[in-house]
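Right, one structure below, let's go through it.
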Amino acid sequence: MSKSSDNTFSVEKSEESSGFLLWQVTNLWQREIKKALEQYGLTHSQFVLMASIHWLTIHKQEVTQIVLSAHTKIDPMTTSTVLRTLQQKGFIQRQEHLTDTRAKTVVLTEDGKKIIKKAVVTVEKFDTKFFSVLGNKITELNKNLITLLGQK
């Protein structure tokens, strides 16, 4: 293949573009996660919010929509919309905050707890398999991802 004289890109090969590679890996990972979650009738966003409610509750933190939004990095408006759907499905309850009238606390219902515990096991098994090709480099990958998240 002959190279065009139009050198729009700064890289010779697409494999040299970190952003393009991250996009491809993210799409592959999300596609497979979506399949893994189908049996529970959950979208990935619903899973992330429910798992975060469960995580934060286990770690004795009061869960509000704002806390969830910050923890998951899902914008507050989307968080609210997804929580509304989860409430309609009977997986969560939103209640008025005891001291802050503007805030709502969020808790899993018994059905929500049952389903998220099963879904977490499924997703963790998938993640273990998906990332296992990295072997002992997983810790390094996680540190690098945390560094990238810290930019904003």
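The values are calculated or read from the model by the stated rules, or taken from the named source; none is laboratory data. Since this is a predicted model, take the numbers as computed values, not measurements. Cβ sites come from the backbone with ideal geometry, for glycine too, and all protein chains shown count toward neighbours.
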Q) Name the pairs: first residue in the range 133-152 and on the phi < 0 side of the Ramachandran plot and surrounded by fewer than 11 Cβ atoms within 10 Å (Cβ to Cβ), second residue modelled with pLDDT under 90 and charged (D, E, K, R), Cβ to Cβ under 7 Å, at least 6 apart or on different chains? A) none
Q) Identify, please: which residue in the range 55-95 is outside any helix (DSSP H, G or I), in contact with a strand residue (DSSP E or B) (Cβ under 8 Å, 6 or more places away or on another chain) and among the β-branched types (Val, Ile, Thr) and is, among those, surrounded by the fewest Cβ atoms within 10 Å (Cβ to Cβ)? A) THR64
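Going residue by residue through the range 114-121, is there one that turns out to be among the hydrophobic types (A, V, I, L, M, F, W, C), out of contact with any helix residue (DSSP H, G or I) (no Cβ under 9 Å at 6 or more places or on another chain) and within 17 Å of GLN30 (Cα to Cα)? Explain how you work it out, then say what you get.
From the range 114-121, those among the hydrophobic types (A, V, I, L, M, F, W, C) are 115-116, 119-121; that's our starting set.
Right, trim to out of contact with any helix residue (DSSP H, G or I) (no Cβ under 9 Å at 6 or more places or on another chain) and you get 121.
Filter again for within 17 Å of GLN30 (Cα to Cα), leaving 121.
Yes, that holds for at least one residue.
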Q) Looking at (1) touching a Ser or Thr at 6+ places or on another chain (Cβ under 9 Å); (2) closer than 26 Å to PHE130 by Cα; (3) among the hydroxyl-bearing types (Ser, Thr, Tyr); (4) part of a helix (DSSP H, G or I), can you tell me which one TYR40 breaks? A) (4)
Q: Say whether the condition of being under 15 Å from the mean Cα position of the chain (by Cα), exposed (fewer than 11 other Cβ atoms within 10 Å of the Cβ) and in contact (Cβ under 8 Å) with a residue 60 or more places away in the chain is met by at least one residue in the range 118-126.
A: no
